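Input: a single structure, listed below in structure tokens.
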Amino acid sequence: MSPTVYFVIPCYNEEEVLEETVKRLTAKFDDMRQQGLANEKSRILLVNDGSKDKTWEIITRLHGENGYVEGVKLAHNRGHQNAVLCGLMTAMPLCDCAISLDADLQDDTDALDKFVQKYLEGCDVVYGVRNRRDTDTWFKRTTAEGYYKILHVLGVDVVFNHADYRLMSRRALEALSEYKEVNLFLRGIVPLIGYRSDYVYYDRHERFAGESKYPLKKMIALALDGITSFSVKPLKLISNFGILVSALSVFGLLYALISYFAGWAVSGWTAIVCSIWLLGGLQMLCLGVVGGYIGKIYSEVKARPRYRIEEFLQQQPPKE
Ligand code: UDP
Ligand code: MG
């Protein structure tokens, strides 16, 4: 029996790419159905993440024209991670497995067959991993690779060079639904699920139309979420740092006392001012880090809903 596969696609202001994306994925499904990799209940689930352009109008029209297309409209822009989660949770009761991918088809669609093949071999999670990063700018490539290394050092278990192109079985999705955190970093949560997993390697293409919806500000926010939602090592580093500075200050104190009694105490103004500034700065930095965690606790204890679905355009199930 071929599986019911859902393609889950978050869309934020993607009017320029949607038509072409749906066209290519429709062709993909036709092809996969012939190969027995997907059945007639498989769908393309487009999640409109509070777009300000015509994205939802296009989704509504495509839903009418194309039997594969379903649409979910979020009431607000909740960001990429929440949009993906919403799509996966909507697909969960309807599918055997769901694959999340970007609307701009930067993730190679030729690799989709391999994902499903791995699923049929018994994997619950299949991670898409980039072969190369030469379509990214030098800045994005170095920061991204450096970031994965930092995560590794901080003890966060993520798959190197894997973004959010991945397949999850229904069982894995059910496990994911038990993670209630509001500060969502899916790349960190999915490895925690722990079922059998495998990798599919692919080449990442250029965005074929439109601009990136991930400006530097959102990228930094996601990167910090990745660290502060999964690692308390920064807190430990601060304490260690505090111990080190305190130890060093003992030497400073000794030096000051010796200078005083030896009578070669100079006016010392510079040293005092420097240390006030340095320590003041360090303290603020440390407070900032601690504050970051408290901010997280604040939003977690409130446990507000992570997204709200305003409308769900579903296809009729095929007649038996
Ligand atoms: N996206 C979203 N909500 C946002 C920002 C982005 O749903 O607030 C979607 C976007 O439509 C795309 C995916 O997330 O499908 C990845 O965004 P993009 O391609 O702009 O990021 P990049 O590939 O440049 O990192
Ligand atoms: Mg992109």
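If the reach is capped at under 17 angstrom between alpha carbons, list the lysines near LYS114, excluding any in the same chain fewer than eight residues apart.
The reachable lysines, counting only those whose Cα sits under 17 Å from LYS114, are LYS28.
Once R0 is set to 35 Å, what does the formula 1/(1 + (r/R0)^6) return for the Cβ-Cβ distance between LYS52 and GLU174, expressed as a FRET efficiency to the nearest 0.05?
It comes to 0.55.
Taking every pair of alpha-carbon atoms in region 2-83, give the share separated by more than 17 Å as a whole percent.
44
Taking the Cα centre of each part, how many Å lie between region 147-213 and region 9-60?
About 21 Å separates the Cα centre of region 147-213 from the one of region 9-60.
Counting alpha carbon pairs within less than 8 Å and at least 6 residues apart, what relative contact order, in whole percent, applies to region 37-193?
Averaging sequence separation for qualifying contacts and normalising by length gives 24 percent for region 37-193.
Relative contact order, percent, of the chain when contacts are C-alpha pairs under 8 Å separated by at least 6 residues?
Taking the mean separation of contacting Cα pairs over the length of the chain, I get 23 percent.
Along each principal axis of its Cα atoms, how long is region 24-152 end to end? Whole angstroms, biggest number first, please.
The Cα atoms of region 24-152 stretch 44, 40, 25 Å along their principal axes.
Could you run the Karplus curve 6.51 cos²θ - 1.76 cosθ + 1.60 with θ = phi - 60° over region 204-213 and give me ³J(HN,Hα) per residue in whole Hz, x for Gly and Pro?
So the Karplus estimates, Gly and Pro as x, are 8, 8, 6, 4, 7, 7, x, 10, 4, 9 Hz.
Beta carbons within 10 angstrom, averaged per residue: use that to sort the peptides 54-60, 26-32, 161-167, highest first.
161-167, 54-60, 26-32
Counting only complete DSSP H runs, which helices of the chain cover 20 Å or more along their long axis at the Cα atoms and score a mean Kyte-Doolittle of 0.0 or above?
Those that clear 20 Å and a mean of 0.0 are 233-262, 269-302.
Between Rg and the Kirkwood Rh of region 100-190, both from Cα atoms, what is the Rg to Rh ratio?
For region 100-190, the value is 0.98.
For the modelled label position 7 Å from the Cα of LYS218 along Cα-to-Cβ, which residues of region 34-55 have backbone nitrogen atoms closer than 19 Å?
Of the residues in region 34-55, 45-55 have backbone N under 19 Å from the label point off LYS218.
Excluding ligands, DNA and RNA, what is the solvent-accessible area per residue of the chain at a probe of 1.4 Å, expressed in Å²?
The answer is 54 Å² per residue.
Below 8 Å between Cα atoms, with a sequence gap of 6+, how large is the relative contact order for region 102-190 in percent?
Relative CO of region 102-190 lands at 35 percent.
Modelled label-to-label distance, GLN316 and LEU253, 7 Å Cα→beta-carbon offset: nm?
In this crude label model, GLN316 to LEU253 measures out at 8.2 nm.
Can you send over the carbon and sulfur percentage of the accessible area for the chain, probe radius 1.4 Å, protein chains only?
61
Of ALA103, VAL250, PHE29, which is farthest on the positive side of the dipole of the chain, counting Cα position, with +1 on Lys and Arg Cβ, -1 on Asp and Glu Cβ, and the Cα centre as origin?
The residue sitting most towards the positive pole is VAL250.
Sort 285-291, 36-42 by packing, meaning the average of other beta carbons within 10 Å per residue, with the highest value first.
36-42, 285-291
Can you compute the equivalent ellipsoid semi-axes for the chain, i.e. the square root of 5 times each eigenvalue of the Cα gyration tensor, sorted largest first and rounded to whole Å?
Ellipsoid semi-axes (Å, largest first): 49, 19, 18.
Go from 0 up to the bin containing the longest alpha carbon distance in region 217-320, width 10 Å each, and give me the % of pairs per bin.
For region 217-320, the binned pair fractions read 10, 25, 20, 16, 12, 7, 4, 3, 2, 1 percent.
Using +1 at the Cβ of each Lys and Arg and -1 at the Cβ of each Asp and Glu in region 145-274, identify which of ALA209, PHE261, ILE272 lies farthest towards the dipole's positive end.
Value computed over the given set: ALA209.
Going highest first, how would you order 106-113, 139-146 by mean Cβ packing within 10 Å?
Per-residue mean Cβ counts within 10 Å order the peptides as 106-113, 139-146.
The values are calculated or read from the model by the stated rules, or taken from the named source; none is laboratory data. Here the structure is a predicted model, which is why all the values come from computation and not from measurement. Here Cβ is always computed from backbone atoms with ideal geometry, including for glycine, and neighbour counts include all displayed protein chains. Remember, those area values only see protein heavy atoms, side chains included, never the ligands or the DNA or RNA. Shrake-Rupley method; radii C 1.70, N 1.55, O 1.52, S 1.80 Å.
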